[in-house]
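The values are calculated or read from the model by the stated rules, or taken from the named source; none is laboratory data. Keep in mind that this is a model prediction, so the values were computed, not measured. Reconstructed Cβ throughout: ideal geometry from the backbone, glycine too, with neighbour counts over all protein chains shown. Areas reflect the complete protein model, heavy atoms only, side chains present, ligands, DNA and RNA absent. Shrake-Rupley method; radii C 1.70, N 1.55, O 1.52, S 1.80 Å.
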Amino acid sequence: MTHDHDLVLRPTAAETSAALNPPPGRNGGDLVVETLTGLGATTVFGLPGQHALGMFDALRRSDLRYIGLRVENNAGFAADAYGRITGEAAPLLLSTGPGALTSLAALQEAAAASAPVLAISSQIPTAGLGGGRHGYLHELPDQQASFRGVVKSVHTVRTQSQIPSAIAAAWESALTVPHGPVWVEIPQDVLLAETSLPVVTALDATPEDVVPRPELTAVAAHLLSNAARPAIIAGGGVVRADAAGKLRALAEKLDAPVITTFGGKGAFPWEHPLSLQSWLEDRHTTDFLEDADVLLVVGSGLGELSSNYHTFKPRGRVIQIEADLGKLESNHPALGIHADARLALSALLETVGERTDPTAADRVRTVLTRVRERIAAQELTLEQDVLASVRRALPDDSPSFWDMTILAYWAWSAFDPRGSNSMHSAQGAGGLGYGFPAALGAAAADPTRPVLAVSGDGGALYSIAELATAKQYDLNVTWLIVDDGGYGILREYMTDTFGEATATELSRPDYVALAESFGVSGVRTTRETLEVDPAKALATPGPSVVLLPAVLRMFAPTHLG
């Protein structure tokens, strides 16, 4: 009697010959790049270092495209964006110790935003593993301990035969929902040693689906079908699951208003009659959501930014669909459904009853009108004009990447992304320097569309060296830098809290001249020419910098009272 699990694929004579006679001159690094190729990778990001040279030497014997950045953290941001745009695990090649540690902030952002990054680092020689202090260059007592609290999983290799399986396991981990960064480390001597192992070919690292339990979706469908005032909060999980179409179908079937979180922008059409857009930092929106008798939260943990700084207190029944088990009911009691957003929305679409609410669109319009009146009363026309000009300049199908800067905070609430998976920011972990290197990663993922990066001058100085990367690889990124002479949002926070700001002012270079010194075109724009200059830069292939000297202000918060 033969069972399916007893069946194995027998190698052909040619495959057997190739396995018995592998090509000469290969090392452990070749096993790394062969494994990545076998898993489907086409592009890798990183920065070489002494212990990692075996991997980088192997790149020249592979078909992998290498994008080398100037700082490891920026390489991590680029890999993060590549993973967000493609949905594939983005390999990030790093060296030991300082090189590895410099990527930590980027990996924290990837973890917070569920971006699939496959970080592969070298390690000190095998003899130094285990905590002994041998004094190797870059030595840490326990390198992986520095990453264990940040990434989804860690994998330490000690022999060459472990390389393919360890990388495949990490790949599967990165792409199992919720997506996220993973960590593989391989000792220097393992990477450099010649190998007689056959070329890596067949690999299976298919992630498991996270399927909703049917008894839970049945209860959820019943609650939604019989709700008087249902509403939906759509988070980044909807975007990552490519479930925007299913979300729209469900909202229309239920006549339920939808608001998208800052990480979920694009999950629902901005101008749809049921769209509350993204005005989460507004008391009118918070009141509306609190009034829902059934609130469906899809792909969001309702964290600080998504809950108007934890002032949101729902009064109705909450249904939460979340792939990250740790976020399920972490902030509010709910009917918690641990599932991929796409699969759960599909199940609900099949089981909810159609309901009609002729007041839904009017109630949405009322909320948005109140929000606009509140903003209009604050005389912030410069900020609104700048954001509108950027929107008009950016092609509808072009992605944008926003640093932690005042214009980005406006964009979280007020920018129409015009498409799912098209607007990204660093609001997951909130570190500076994300916008430009992330845009470079997106341009590497899809060179057919221009990409916009937006930074303040403080954030820009974190990644200014990547102008060299943009030029070297001719990446199609336009970088808008809003120069206000300092850390603008911190200046505002400190002035409001303490009466004056400290440590927020920056001397700054001539960004246009600096861009030109890298061979990148640069232009100084104004409020009046802001729409024309970025549009022209975006329409011109290759990298460019547009500088806007301006001091922008934030709209008043509603959570402090």
(message) Within the range 376-508, what whole-number % of the accessible surface is contributed by carbon and sulfur, with the 1.4 Å probe and all protein chains included in the calculation?
(response) 50
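May I ask you to work out the translational diffusion coefficient for the chain at 25 °C, viscosity 0.890 mPa s, via Stokes-Einstein with Rh from the Kirkwood sum over Cα pairs, reported in whole µm²/s?
On the way: Rh = 25.0 Å.
It diffuses with D of about 98 µm²/s by this estimate.
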(request) Please give, to one decimal in nm, the separation of the simple spin-label points placed at Ala169 and Thr366, each 7 Å out from Cα toward the Cβ. (result) 5.7
(message) Placing +1 on the Cβ of each Lys and Arg and -1 on the Cβ of each Asp and Glu in the chain, which of Gly40, Leu467, Gly428 has its Cα farthest towards the positive end of the resulting dipole?
(response) Gly428
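Given the Cα-Cα distance of Asp57 and Glu304 and 0.36 nm per residue of separation, how much length would full extension add, in nm?
Extra length from Asp57 to Glu304 when fully extended: 84.5 nm.
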(request) Against the globular-protein guess of 2.2 N^0.38 Å, express the Cα radius of gyration of the range 270-423 as a ratio, rounded to two decimals. (result) 1.13
(message) If each DSSP helix of 4+ residues adds -39,500 (n - 2.57) and the sum is divided by the residues in the chain, what number results at 222 nm, nearest 500 deg cm²/dmol?
(response) -11000 deg cm²/dmol
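If you roll a 1.4 Å probe over the heavy atoms of the protein chains, what accessible area per residue do you get for the chain, in Å²? Write down the numbers at each step before the final one.
Working: 22540 Å² over 561 residues.
Result: 40 Å² of accessible area for each residue.
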(request) Kindly express, to the nearest 10 degrees and within the range 0 to 90, the angle between helix 360-376's C-alpha long axis and the longest C-alpha principal axis of the chain. (result) 90
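Past the 29 Å Cα-Cα mark, which pairs from Lys246/Lys327; Lys265/Lys313; Lys152/Lys313; Lys246/Lys471?
Lys152/Lys313; Lys246/Lys471
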(request) Kindly express, to the nearest 10 degrees and within the range 0 to 90, the angle between helix 163-175's C-alpha long axis and the longest C-alpha principal axis of the chain. (result) 10
(message) Show log10 I(q)/I(0) for the range 356-438 at q = 0.19 Å⁻¹, two decimals, from a solvent-free Debye sum over equal Cα scatterers.
(response) -0.97
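Report in % the part of the accessible area of the range 117-249 that belongs to carbon and sulfur, leaving out ligands and nucleic acids; probe 1.4 Å.
Values: 2950 of 5660 Å².
Answer for the range 117-249 is 52 percent, counting heavy atoms of protein chains only.
Starting from 0.36 nm per residue, how many nanometres of slack lie between Gln162 and Thr42 once their C-alpha separation is accounted for? Could the numbers behind the result be given before it?
Details: separation 120, 0.36 × 120 = 43.20 nm, distance 2.20 nm.
41.0 nm is the gain from fully extending Gln162 to Thr42.
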(request) Report, please, the projected area of the range 128-209 averaged over directions, based on the convex hull of its C-alpha atoms, in nm². (result) 6.4
(request) Tell me the label-point distance for the pair Trp270, Ala503, using the 7 Å Cα-to-Cβ offset, in nm and rounded to one decimal. (result) 3.7
(request) Only Cα pairs under 8 Å and at least 6 apart count here; give the relative contact order of the range 17-140 as a rounded whole percent. (result) 24
(message) Using the Cα atoms of the range 428-561, I'd like the radius of gyration and the largest Cα-Cα distance, Dmax, both in angstrom.
(response) 15.8, 51
(message) Tell me the angle of helix 488-498 to the major Cα principal axis of the chain, expressed in degrees between 0 and 90 and rounded to the nearest ten.
(response) 60
